[in-house]
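See structure below.
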């Protein structure tokens, strides 16, 4: 059974700013398993970074833009789905535009035996 490491709706990211790590709390450290990030940005220009145990999974790369109509669907808006060895989870978003953007996201972890 998996756990949600981090999630939020309409997280605002100001012009030319980067969020602090959004994965904090009880599930900030994960073991061996599979990590999956689904996210929907309000417009183009949102970059994402994801590290697990100091290993970079995504390094400040542009998020795919799926459009602003409708709601985020976890299966339709997958940004990354990756097997990992474990460690501290670090997730951040960076706005590369002159206007404020928002992002909806769900970061899930499924342990393996």
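The values are calculated or read from the model by the stated rules, or taken from the named source; none is laboratory data. Everything numeric in this text was worked out from a predicted model, so none of it was measured. With ideal geometry, Cβ positions are generated from the backbone for all residues, glycine too; neighbour counts draw on all protein chains shown.
Residue by residue through the stretch 21-43, note down the ones that are at pLDDT 90 or above and assigned to a loop (DSSP other than H, G, I, E, B). Listed by number, the residues that qualify are 21, 22, 23, 28, 31, 32.
Just checking, does the stretch 61-75 include any residue being in contact with a strand residue (DSSP E or B) (Cβ under 8 Å, 6 or more places away or on another chain) and part of a strand (DSSP E or B)? Yes, the stretch 61-75 contains at least one residue that is in contact with a strand residue (DSSP E or B) (Cβ under 8 Å, 6 or more places away or on another chain) and part of a strand (DSSP E or B).
Among the residues making up the stretch 44-60, those that are under 26 Å from residue 98 (Cα atoms) and part of a loop (DSSP other than H, G, I, E, B) are 44, 45. Taken over the stretch 94-113, the criterion of being over 17 Å from residue 4 (Cβ atoms) and in a strand (DSSP E or B) is satisfied by 94, 95, 101, 102.
If you take the residues in the stretch 47-79 that are crowded, with 18+ Cβ neighbours inside 10 Å and modelled with pLDDT under 95, which one is nearest to residue 12 (Cα to Cα)? The qualifying residue nearest to residue 12 (Cα to Cα) is 63. Identify all residues within the stretch 80-93 that are closer than 18 Å to residue 19 by Cβ and crowded, with 19+ Cβ neighbours inside 10 Å; write none if there are none. The answer is 89, 90, 91, 93.
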